[in-house]
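Notes follow once the structure below has been shown.
Please treat every number below as a calculation from the coordinates, not as lab data. Quantities reported herein were computed from a predicted structural model and do not represent experimental measurements. Virtual Cβ from ideal backbone geometry, glycine too; neighbours counted across all protein chains shown.
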Amino acid sequence: MATSIAAAQALTSEGWRKDIVVEIDDDGRISNITNNHDTPTTKVGILLPALSNVHSHSFQRAMAGLAEKRDPTAHDDFWSWRKVMYRFLDILSPDDIEAIAAQVQMEMLEAGFASQAEFHYLHHAPGGQLYDQLEETSLRHFAAAQTTGIGYTHLPVLYMQGGLDGRRLEGGQLRFGCDIEQFEHLFTNIKSQMVNHYADYTLGIAPHSLRAVSADCLNAAIALSPDTPIHIHAAEQIGEIEEVQNALGARPIRWILDNMPVDKRWCLIHATHMDNGEIDDLAKSGAVAGLCPITEANLGDGIFNAPRYMHGGGAFGIGADSNVRIALSEELRMLEVSQRLSERQRVVLSDETTPSNGRFLYERAASGGAQAVGRNSGRIEIGALADLVALDETHPSIASLTGDTVLDTWIFACGGELVSDVWSAGRHTVKGGIHMNRDKIASQFLQTIKKLRLAL
Ligand SMILES: [Zn+2]
């Protein structure tokens, strides 16, 4: 349904504009930007292009807060967190997966994201048994997206082995596993169902990592998706850098850059550990670095070398990954403040062209995120998808502020409480800060999470 939004201030592709009306057509695209206030459907304060959330494993939302105790038997790092995650894998049903995904998408929308990419590897039943419909759990994510109205990019994951020595999957990992023939079957089945969903939904592909997919099968997998996003976990943990170096003779991002057709369709998730040559070449490749600052901090991964990468022109997007905390402004804040702590300096990432750190981070994350999830969005411009977020200009934190200072204040001093409205491809999903289906989604999630906590 065609609609229009009147905004007191809006960040368009031409910069900040005051008192404009953004018109949206039946396909969810911005059809006009005018000063004609005759029939605006909705009036808002500050209108921004909304970000895409480029990386999520929705089911991990259910374990937020449950892996924060010191493990007396082990050095407490990523691998002990993974043990808790595998306990969940023994019990999650398709109904649970759908309820959690809907909650995650709703929280993302209320935080100000308009779209989401799900890096989906939980394909099978506990023990690795196939569901009657191979794509059962993928369909549950699409069902959640229909409920929430979020702009959705599905990334089915190819996960074949437990490590580069080809060891077999075991325990919780059995739910992830596909050989390449089974994966092609899965991908084809999902693709045939895309006609049943909103037209802005996208199907891409995600070879899990160099650890979990052999080089031959990596090529076979990306051949399935010649025009759509390709995401891969790249260089999150020192342990995996060493494993890849020993097995393939190069660090993972170097190997990917030298052996894969890396271009604008690629998103390298957790490009945390790179040497200077890798940073410079990834920045020039056109690919997006998928950064997940809150999760990477929570897991103690390390600090992404953002100054060198961004000043080299590198594109990035933001992902909530483990969903331990879903908070758009906090993700961008963490990205910057981790650099400040490391460099012992303020305002590290913005540049001379865009001195405002809030605006620099926001606009870069908007364009890189849209590219990574395969959406024509991330900017307020005629022809782009109407992925939009509005902030409440009457909120005391930003009242009377204008332009870039609004973004600096949101990113460095506030959270989701400023978000008043969100549109995903023109679908008005959040009004007055509340998702349109909040009661139903939240009560379903509450029932699910109580049941899971009793079963752990
Ligand atoms: Zn991940």
### Task
For region 44-55, just list the computed ³J(HN,Hα) in residue order, Karplus coefficients 6.51, -1.76 and 1.60, θ = phi - 60°, integers in Hz, with x standing in for Gly and Pro.
10, x, 10, 10, 10, x, 8, 7, 9, 9, 8, 8
### Task
For G163, list long-range residues whose amide hydrogen, built 1.01 Å from N in the peptide plane, is under 5 Å from its own amide hydrogen.
none
### Query
Hey, which of these cross-link pairs are over 22 Å Cα-Cα: K431/K451; K18/K43; K83/K451; K191/K451?
K431/K451; K191/K451
### Summary
In deg cm²/dmol, rounded to the nearest 500, the helical mean residue ellipticity at 222 nm of the chain, built from -39500 (n - 2.57) for every DSSP H run of length 4 or more, is -11500 deg cm²/dmol
### Query
After finding the eigenvalues of the alpha carbon gyration tensor for region 319-412, what semi-axes result from the square roots of 5 times each, listed largest first in whole Å?
22, 18, 15
### Query
For W16, W423, W255, W81, what ranking results if the residue with the fewest other Cβ atoms within 10 Å of its Cβ goes first?
W16, W255, W81, W423
### Query
Over what distance in Å are the Cα centres of region 81-154 and region 255-281 separated?
27 Å
### Query
Any idea what the dipole of the chain comes to, in debye rounded to 20, about its Cα centre with Lys/Arg Cβ at +1 and Asp/Glu Cβ at -1?
720 debye
### Message
I need C292, C414 ordered by Cβ neighbour count within 10 Å, fewest first.
### Response
C414, C292
### Partners for K284 among lysines (Cα-Cα distance below 29 Å; same-chain residues under 8 apart left out)
K264
### Task
Mind checking the full-extension length gain between N32 and S13? Use 0.36 nm per residue of separation minus the Cα-Cα distance, one decimal, nm.
5.5 nm
### Message
Give me, ordered by chain and number, the residues 5 or more places off R29 or on other chains with an amide H under 5 Å from its own placed amide H.
### Response
A386
### Task
Starting with the highest mean, order 352-364, 229-241 by the number of other Cβ atoms within 10 Å, averaged over the residues of each peptide.
229-241, 352-364
### Query
Once both labels are modelled 7 Å past Cα along the beta-carbon direction, what's the K431-K69 spacing in nm?
4.5 nm
### Task
Using only the alpha carbon atoms of the chain, find the Kirkwood hydrodynamic radius as the inverse mean reciprocal pair distance, in angstroms to one decimal.
22.2 Å
### Query
In nm, to one decimal, how far is the modelled label at Q193 from the one at V347, with both set 7 Å along Cα→Cβ?
5.0 nm
### Highest-first arrangement of 272-278, 377-383, 47-53, 95-101, where packing means the average Cβ count within 10 Å
47-53, 95-101, 377-383, 272-278
### Task
Give me the distance between the Cα centres of region 318-394 and region 284-298, rounded to whole Å.
12 Å
### Query
What nm value, rounded to one decimal, do you get for the distance between Q129 and S443 when each label is placed 7 Å out toward the C-beta?
3.2 nm
